[in-house]
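Peer 1: Sharing a structure with you now.
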Amino acid sequence: MGYGLLKGKRGIIFGALDENSIAWKTAERVHEEGGSFVLTNAPIAMRMGTISQLAEKTGANVIPADATSLEDLEKLISESVEVLGGKIDFVLHSIGMSVNVRKGRVYSDQKYDWTAKGWDVSAGSFHKVMQVLYKQDAMNEWGSIVALSYIAAQRVFPDYNDMADNKAFLESIARSFGYFFGRDKNVRVNTISQSPTPTTAGKGVKGFNGFILYAEKMSPLGNASALDCANYTVSLFSDLTRKVTLQNLFHDGGFSNMGVSDAVMQAFEEQQNP
Ligand SMILES: NC(=O)c1ccc[n+]([C@@H]2O[C@H](COP(=O)([O-])OP(=O)(O)OC[C@H]3O[C@@H](n4cnc5c(N)ncnc54)[C@H](O)[C@@H]3O)[C@@H](O)[C@H]2O)c1
């Protein structure tokens, strides 16, 4: 059931690949809250995915765009303003990919053209999306832009590989561009640092099953699900959070402030005294 939090608001949602995607759940929740939006993904992902089902369910238009292509983004954003009937109030950047992770190259043995590609898709694209929105003056005043991050930007998670550096860069872009967007257009920009979540991107990280269970045991509230993340994102798109900007917001059941938990201690004690 919705609260009408996004009634009359227009947006663009990047990154709904399948029903497990955080962007997919967000699109469903935004729809329930009365928002209208354009769904977009890389043309190649659309051929594999089921985005048209989501579009039908939510009354959205689908406009393909490779988020690393300025030309695609320019077209996406101008067409979105046209089909939605006005400027944009919210944008979700839910995009991530590392070629090194995909191909099993560890952090200490990166192939640098893959590193560059992963950076462009996962972090550079966020700058590009905002630069096009900014130059086209496509955002409404008091609009909200959100990208998704992970705590490996601050702490070491070895198997998260070069995505850790991409997320650190992404969070920095949110702050740096957020300044200009705030100063000039009263638009806020934030990243949400989300719990490990079983999606295509998440499950692609080596050792994912181990660290999702570990995070669950470490977090006093347990891991945040994709739906929880969608709800939090809705709150950041709503008028209830107008003065929140330049933040990396941990949405992780408390994981980021934990040292150790009883549940984790117990697992080690059991190992020692079976
Ligand atoms: N799953 C997790 O554990 C987790 C945790 C924290 C943060 N995140 C972040 O959440 C975001 C969404 O990921 P997800 O977990 O929903 O996985 P997902 O695989 O469902 O979504 C990733 C999306 O990125 C899209 N994408 C890749 N290259 C692109 C390009 N060139 N242009 C446009 N789109 C492109 C993919 O098509 C896909 O839709 C990512 O930024 C991810 O790093 C995920």
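The values are calculated or read from the model by the stated rules, or taken from the named source; none is laboratory data. Here the structure is a predicted model, which means the values were calculated and not measured. Every residue, glycine among them, receives a Cβ derived from its backbone with ideal geometry; neighbour counts consider all protein chains shown.
Peer 1: When only residues in segment 100-120 that are surrounded by 19 or more Cβ atoms within 10 Å (Cβ to Cβ) and not polar (S, T, N, Q) count, which is nearest to residue 186 (Cα to Cα)?
Peer 2: 119
Peer 1: Select from segment 130-163 the residues that are part of a helix (DSSP H, G or I) and away from the ligand (no atom under 11 Å from the Cβ) and write down the one among them that is farthest from residue 250 (Cα to Cα).
Peer 2: Once the filter is applied, the top-ranked residue is 135.
Peer 1: Quick check on residue 95: is it among the hydrophobic types (A, V, I, L, M, F, W, C), more than 9 Å from the ligand (Cβ to nearest atom) and touching a strand residue (DSSP E or B) at 6+ places or on another chain (Cβ under 9 Å)?
Peer 2: Taking the combined requirement at face value, the residue does not satisfy it.
Peer 1: May I pose another question? Touching a Ser or Thr at 6+ places or on another chain (Cβ under 7 Å) and either surrounded by fewer than 14 Cβ atoms within 10 Å (Cβ to Cβ) or over 18 Å from residue 27 (Cα atoms) (or both): which single residue out of 262, 252, 239 fits that description? Break it down into steps so the answer makes sense when it comes.
Peer 2: On the way: 262 fails: touching a Ser or Thr at 6+ places or on another chain (Cβ under 7 Å); 239 fails: touching a Ser or Thr at 6+ places or on another chain (Cβ under 7 Å).
Only one candidate passes the filter, namely 252.
Peer 1: Count, please, the residues in segment 200-230 that happen to be within 14 Å of the chain's Cα centre (by Cα) and surrounded by 17 or more Cβ atoms within 10 Å (Cβ to Cβ). Walk me through how you get there before you give the answer.
Peer 2: Step one: list which residues in segment 200-230 are within 14 Å of the chain's Cα centre (by Cα), which gives 200-202, 224-230.
If we keep only those that are surrounded by 17 or more Cβ atoms within 10 Å (Cβ to Cβ) as well, we get 201-202, 224, 226, 228-230.
Qualifying residue count, segment 200-230: 7.
Peer 1: If you don't mind, there's one more thing I want to ask. Here is a list: 233, 197. Which entry is surrounded by 15 or more Cβ atoms within 10 Å (Cβ to Cβ) and outside any helix (DSSP H, G or I)? Explain how you work it out, then say what you get.
Peer 2: Working: 233 fails: outside any helix (DSSP H, G or I).
Within the list 233, 197, the selection yields 197.
Peer 1: Counting only residues that are under 19 Å from the mean Cα position of the chain (by Cα), more than 7 Å from the ligand (Cβ to nearest atom) and of a type in the set (Asp, Glu), how many does segment 1-32 have?
Peer 2: Residues in segment 1-32 being under 19 Å from the mean Cα position of the chain (by Cα), more than 7 Å from the ligand (Cβ to nearest atom) and of a type in the set (Asp, Glu): 2 in total.
Peer 1: Among the listed residues 67, 60, which satisfies the condition of being within 10 Å of the ligand (Cβ to nearest atom) and under 21 Å from residue 22 (Cα atoms)?
Peer 2: Values: 60 fails: within 10 Å of the ligand (Cβ to nearest atom).
So the residue among 67, 60 that is within 10 Å of the ligand (Cβ to nearest atom) and under 21 Å from residue 22 (Cα atoms) is 67.
Peer 1: OK, next. Could you list, in sequence order, the residues of segment 33-57 that are crowded, with 17+ Cβ neighbours inside 10 Å and closer than 21 Å to residue 143 by Cα? Let's see the steps before the verdict.
Peer 2: Residues of segment 33-57 crowded, with 17+ Cβ neighbours inside 10 Å: 33, 35-42, 45-46, 49, 51, 54-55.
Within segment 33-57, 33, 35, 36, 37, 38, 39, 40 meet the criteria.
Peer 1: Hey, any hits in segment 72-85 for a residue that's within 14 Å of the ligand (Cβ to nearest atom), closer than 20 Å to residue 197 by Cβ, at pLDDT 95 or above and surrounded by 19 or more Cβ atoms within 10 Å (Cβ to Cβ)?
Peer 2: Taking every residue of segment 72-85 in turn, none turns out to be within 14 Å of the ligand (Cβ to nearest atom), closer than 20 Å to residue 197 by Cβ, at pLDDT 95 or above and surrounded by 19 or more Cβ atoms within 10 Å (Cβ to Cβ).
Peer 1: Does residue 244 qualify as being surrounded by fewer than 20 Cβ atoms within 10 Å (Cβ to Cβ), of a type in the set (A, V, I, L, M, F, W, C), away from the ligand (no atom under 16 Å from the Cβ) and assigned to a loop (DSSP other than H, G, I, E, B)? Spell out the reasoning first.
Peer 2: Numbers: surrounded by fewer than 20 Cβ atoms within 10 Å (Cβ to Cβ): yes; of a type in the set (A, V, I, L, M, F, W, C): yes; away from the ligand (no atom under 16 Å from the Cβ): yes; assigned to a loop (DSSP other than H, G, I, E, B): yes.
Against the criterion (surrounded by fewer than 20 Cβ atoms within 10 Å (Cβ to Cβ), of a type in the set (A, V, I, L, M, F, W, C), away from the ligand (no atom under 16 Å from the Cβ) and assigned to a loop (DSSP other than H, G, I, E, B)), residue 244 qualifies.
Peer 1: How about segment 165-197: which of its residues are over 13 Å from the mean Cα position of the chain (by Cα) and either within 11 Å of the ligand (Cβ to nearest atom) or charged (D, E, K, R) (or both)? Steps first, answer last, please.
Peer 2: Step one: of segment 165-197, the residues over 13 Å from the mean Cα position of the chain (by Cα) are 165, 168-169, 172-173, 175-188.
165, 175, 183, 184, 185, 188 - these are the residues of segment 165-197 that are over 13 Å from the mean Cα position of the chain (by Cα) and either within 11 Å of the ligand (Cβ to nearest atom) or charged (D, E, K, R) (or both).
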